[in-house]
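One structure is given below, encoded as structure tokens.
The values are calculated or read from the model by the stated rules, or taken from the named source; none is laboratory data. No experiment lies behind these values; they were computed from the predicted model shown. Note that we place each Cβ from the backbone using ideal geometry, even for glycine, and neighbour counts take in every protein chain shown.
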Amino acid sequence: MGDIAISVNGLGKRYQLGAAAVPRYKTVRDAIMQTAGRLIRHGRRPASREPFWALKDVSFEVKRGQVVGIIGRNGAGKSTLLKILSRITEPSEGGADIHGRVGSLLEVGTGFHPELSGRENIFLNGAILGMRRSEITRKFDEIVAFAEIEKFIDTPVKHYSSGMYMRLAFAVAAHLEPEILIVDEVLAVGDAEFQKKCLGKMGDVARGGRTVLFVSHNMQAVQQLCTSGIVLLRGQTCFTGAADAAVQHYTAGGGDRQSSMWERPHGIEQISLCVEEVNVHLAGEQPNHTLEVNIRLRSRPPHKAAFLAIDFHDAAGIRFMQTIPRVTPFIFDDCTLHALQIVVALPPLVPSVYAVAIWLGSHNTETFDQTPPCVSFTIDRSPTPSRTFPHSPAAGSIVPESWIVSQSI
């Protein structure tokens, strides 16, 4: 057992549907609202309170120095699993033995006190990890430099932008020398340069002999970083093995993936125009595939006009193709949700796993929001050989067949 970092045995987490959390105290307003609610519900059948298992009978082992990718659809139980392993949530059954000091980056801001400055939060997190002040001081400059917040280190973190918050949270989690690093969707926000730094740092952590658990919808990142993978399906493990095999199992539908979907994680401060959800549907056969890309956006004052482009990335994470934006921008003139549907006629592609990223910006290339390569699709081998699109960062652009816009969804 000396080489085992994490041992999970029969782990389960049950929630009671319809059950409300009991507050530790109530205000007068809470009491009034509770009484009014009882009057409104009088005579109705009580809501179903059947148990819901977010995780059920999950068992696996992770050896020291392993980098494990945990993948699955939204609602598969990935985040619940990481919260249990981070000792944030208690399991309903089973258990997990953790051998080593754990550093976690889950929802943005977890472990940060909003009223404290960046400097104070660094020392607070180090103390929680059991580090001496001298150890934290030795790492302090490296953390601040990685997070790129030198000018704001003594500002309360409640005033940080979402990007600053995220950079500091990752820097703290990765640099304070945890023996086990647990990361949930760190690549879901931030620009491409930050994502590259995160992957590089997690690679450094792994090469240092420490253990990494990494949840992501970015299959390219999982293949690039991880040595093994676990696929979750409706709260249970449906595959455990090498990272490439896990990705192949998931993209082939083994993770019950009828379509690939990405949602912006909770806890991230929303900007005035942002991508909230992306899903893709692949139709047709090689060499005549079409890709339907459905995007949900949220606009907030100040309202913006924006151009949109879709970037295509190969299995190595290299962008090789981009859609040409519409001649006229999209106009977002109210504070609401907007649905866009873009249908793209794909050129013949080499059989592989691909991913798309969404870019929103202005005519002068100012970026309003940008997702990582967040949703994937798979091109299967064609029975009839055909000439395929060249894979190069400068390979070219394609024009979408149609743009469909729905306001106020």
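Just a few scattered comments:
- Matching option when the condition is surrounded by fewer than 21 Cβ atoms within 10 Å (Cβ to Cβ), at pLDDT below 90, more than 30 Å from Lys13 (Cβ to Cβ) and not hydroxyl-bearing (Ser, Thr, Tyr), among Glu148, Glu120: Glu148
- Matching option when the condition is at pLDDT 90 or above, outside the structural domain of Phe330 (by TED's automatic domain parsing) and buried (at least 21 other Cβ atoms within 10 Å of the Cβ), among Val247, Val231, Val293: Val231
- Here the stretch 324-371 is the region considered, the condition is being surrounded by 20 or more Cβ atoms within 10 Å (Cβ to Cβ) and among the β-branched types (Val, Ile, Thr), and the residue that is farthest from Ser272 (Cα to Cα) is Val353.
Let's see how each residue does on (1) under 24 Å from Gly209 (Cβ atoms); (2) without any contact (Cβ under 8 Å) to a residue 60 or more places away in the chain; (3) not aromatic (Phe, Trp, Tyr):
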{"position": "Met131", "(1), (2), (3)": "yes, yes, yes"}
{"position": "Ser134", "(1), (2), (3)": "yes, yes, yes"}
{"position": "Phe140", "(1), (2), (3)": "yes, yes, no"}
{"position": "Phe146", "(1), (2), (3)": "yes, yes, no"}
{"position": "Val157", "(1), (2), (3)": "no, yes, yes"}
{"position": "Ser162", "(1), (2), (3)": "no, no, yes"}
{"position": "Tyr165", "(1), (2), (3)": "no, no, no"}
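- Candidate set: the stretch 337-355, residues that are farther than 30 Å from Pro301 by Cβ and among the small types (Gly, Ala, Ser); chosen: the one modelled with the lowest pLDDT: Ser352
- Residues that are of a type in the set (Val, Ile, Thr), within 26 Å of Pro373 (Cα to Cα) and not in a loop (DSSP other than H, G, I, E, B), drawn from the stretch 145-179: Val172
- Number of residues in the stretch 344-359 that are touching a residue at least 60 places away in the same chain (Cβ under 8 Å) and in contact with a Ser or Thr (Cβ under 7 Å, 6 or more places away or on another chain): the value is 5.
- Residue that is nearest to Asp3 (Cα to Cα), among those in the stretch 83-117 that are among the hydrophobic types (A, V, I, L, M, F, W, C) and at pLDDT 90 or above: Ile98
- Only listed residue being acidic (Asp, Glu), out of contact with any Ser or Thr (no Cβ under 7 Å at 6 or more places or on another chain) and not in a helix (DSSP H, G or I), chosen from Glu90, Glu120, Glu61, Glu142: Glu90
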